[in-house]
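Accompanying notes for the structure given below.
Nothing in this text is a laboratory measurement; each read-out follows from the coordinates by a stated rule. Bear in mind that the values here come from a model prediction, so they are computed numbers and not experimental data. Quick reminder, even Gly has a Cβ in these numbers, built from the backbone with ideal geometry, and neighbours come from all protein chains shown.
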């Protein structure tokens with residue numbers, strides 16, 4: 001379940017539904033819900049809603065781009081569990097003016113992203129709305145149980161890694177808002193990609209412990225791993241791989257990079273990094289390490305020139 | 001997949017995604033998507049979106065009622081496949097004014113309906129919206145493959161049945177719009193129930209062929225069965241069970257009754273009806289029968305005093 005609002009809201013929902021039968025599902029707290037289905041396999045489920053003028057603007061993104069991105073941000077959550085995305089359900093609420101061309105272009109983008117990631121559209125809903133476009137995608141993935149990567153599996157001593165440079169999407173958004181529509185970063189913001197192959201590859205390595213995707217920025221997202229795993233982190237600011245054109249703050253607090261954030265233990269970390277680069281033609285980046293928490297406080301410490309600065313509260317983009 | 005808009009839109013999507021791998025899923029065309037998972041079992045999936053001032057009005061429904069109904073309409077689709085609903089994912093887009101009390105009351109209603117039907121909340125998303133409240137629920141069900149009831153399984157010669165009287169919800173809506181908030185039908189409209197036990201019971205009978213839930217009215221919903229099964233129907237108007245306070249048109253073209261509509265073949269129909277009444281303390285209603293289609297046209301003929309009136313196009317409530 002997403003935790004874009006108050007931490008307390010999701011916690012409240014967890015408690016509220018605790019007494020209900022789990023019907024075989026694992027609890028809330030990861031990128032996806034998990035349902036073991038036998039034969040050492042599980043299905044994973046995630047839902048993301050995208051709303052006009054909150055998640056996208058029709059004067060900045062084409063309907064094709066909005067359709068493409070709606071699929072990508074959801075398969076990214078599936079990838080973050082180490083699972084293979086297999087299907088989606090799509091709900092579309094549209095003002096009457098959007099029916100016709102807008103919807104056709106949206107579906108073309110959704111279809112092209114579905115084709116890229118090999119994901120079938122198996123159901124959904126189309127309906128009218130009075131004012132805003134609202135899009136909901138539920139993505140379903142399939143994964144060997146042994147490969148599932150949970151936010152709660154990080155251990156003190158793990159290194160923290162990311163699959164790519166950060167901040168480009170945030171810079172791209174600012175480019176677009178300023179009318180610079182042709183920059184490299186603007187294109188990255190408009191047409192993000194999900195690390196689906198990388199996620200499944202990393203999932204096969206038992207030294208990879210916790211994993212999630214970076215949707216709100218590591219300063220916010222990493223805290224979810226820390227809280228779920230009850231550990232703390234030290235991240236030297238100089239280790240953070242900053243995308244071309246971005247500054248550190250955009251790399252740590254911008255959103256929508258959709259790179260994978262994960263922790264790795266064991267002795268074969270260099271081998272993992274070499275193998276990843278050989279396989280994907282790009283490096284992994286170590287950004288810090290996990291340490292035991294003191295006094296039950298799971299803190300994210302940024303090592304900078306003046307010492308260590310602690311994030312007291314979640315940063316990243318907040319909708320409320 | 002819902003077919004609330006143009007028939008052609010869903011058909012277009014079917015064609016668009018036909019070349020993608022199905023990843024084990026059955027095609028679009030039922031109340032739910034179906035994924036066999038081994039051990040002669042399948043999971044079923046459905047998504048429904050509810051939007052402010054389209055599906056509900058905040059001056060008519062309380063947040064509790066909206067939450068309750070959001071869960072019910074989705075488990076109703078699961079019930080219509082003969083499946084047991086097991087879990088939901090809930091996405092909520094809310095204007096800032098709704099965060100807090102509104103959401104708490106909404107969640108209380110959602111929780112109470114979830115408890116009633118034994119369904120766990122396993123994930124979702126909460127986010128802001130600029131203007132409207134938008135709610136999406138994805139429901140997941142589990143069913144023995146032999147029990148799945150598809151819209152495409154109806155046969156010429158089958159009787160057509162419904163699990164209850166029709167039209168009350170539509171009358172209730174008009175009561176509410178006229179300020180009569182305390183009528184029996186107003187209560188039915190605000191707090192519908194899904195036929196979950198009935199659906200699973202009917203699903204165990206192999207003489208029950210096609211099944212779906214009545215969300216848009218039988219004049220519209222029955223056409224889906226006719227089209228998917230390539231048969232035609234004759235429905236004597238006098239057979240339609242009209243709820244107290246409703247007229248025939250409301251029973252056939254109103255929506256949101258959430259009774260089950262199904263077809264039955266074989267010789268033991270009276271036994272099925274008797275057993276149903278003994279089990280649930282209420283009768284089944286035979287509303288008509290299926291006949292072979294002529295010239296490839298799957299028609300719904302209403303037998304009335306003047307002869308037979310044919311529905312040329314889908315009736316029911318249309319959002320576009």
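Couple of notes before you dig in:
- Angle in degrees between helix A:168-177 and the longest Cα principal axis of chain A, rounded to the nearest 10: 40
- Sorted shortest first, the separations between the residue B:278 label point and its copies elsewhere in the assembly read 7.0 nm; each point sits 7 Å from Cα along the Cα-to-Cβ line.
- D (Stokes-Einstein, µm²/s), Kirkwood Cα radius, segment B:149-311, 1.002 mPa s at 20 °C: 134
- Grouping the Cα pair distances of segment A:87-173 into 5 Å bins from zero gives a pair-distance distribution of 3, 9, 14, 14, 15, 16, 12, 8, 5, 2, 1 percent in increasing distance order.
- Taking each DSSP H run with n ≥ 4 as -39500 (n - 2.57) and averaging over every residue of chain A yields -9500 deg cm²/dmol at 222 nm.
- Label point at residue B:268 placed 7 Å out along Cα→Cβ; residues across segment B:195-215 whose backbone nitrogen lies under 11 Å: B:205-208
- Inter-chain neighbour count for B:77-88: the average number of beta-carbon atoms from partner chains within 10 Å of each residue's beta-carbon is 2.
- R0 of 51 Å, Cβ-Cβ distance residue A:204-residue B:295: FRET efficiency to nearest 0.05: 0.35
- Where only C-alpha atoms are counted, convex hull volume of segment B:7-146 per residue in Å³: 133
- Bins of 10 Å from zero: percent of alpha-carbon pairs in the protein assembly as shown: 3, 16, 26, 25, 16, 8, 4, 1, 0, 0
- In units of the compact-protein estimate 2.2 N^0.38 Å, chain B shows a Cα radius of gyration of 0.98.
- Gyration tensor verdict on segment B:151-204 (Cα atoms; rounded if a/c is under 1.5, prolate if a/b is larger than b/c, oblate otherwise): prolate
- Peptide A:13-20 has a mean shielding of 5, counted as Cβ atoms of other protein chains within 10 Å of each residue's Cβ.
- Per-residue packing, averaged as other Cβ atoms within 10 Å, sorts the ranges B:285-294, B:42-51 into the order B:42-51, B:285-294, beginning with the highest.
- Cβ-Cβ FRET estimate between residue B:182 and residue A:181, R0 fixed at 56 Å, reported to 0.05: 0.50
- Averaging Cα coordinates gives a centre for segment B:257-287 and one for segment A:260-296; these two points are 60 Å apart.
- With the simple spin-label model, which puts each label point 7 Å out from Cα in the Cβ direction, the residue B:104 to residue A:277 separation comes to 5.4 nm.
- Rel. contact order, % - alpha carbon contacts under 8 angstrom, at least six apart, segment A:7-146: 34
- Computed extension length for residue B:237-residue B:310: 25.1 nm, one decimal, from 0.36 nm per residue of separation with the Cα-Cα distance subtracted.
- Averaging the Cα positions of each part gives two centres, and for segment A:184-203 and segment A:229-249 these lie 18 Å apart.
- Inter-copy label distances at residue B:38, using a point 7 Å along Cα-to-Cβ, come to 0.8 nm with the shortest given first.
- Ranked from shortest, the separations from the 7 Å Cα-to-Cβ label point of residue A:294 to its equivalents in the other copies are 8.9 nm.
- Length gained on full extension, residue B:97 to residue B:247: 50.0 nm, using 0.36 nm per residue less the C-alpha separation.
- Alpha-carbon centroids, segment B:144-161 and segment A:66-86: separation in whole Å: 35
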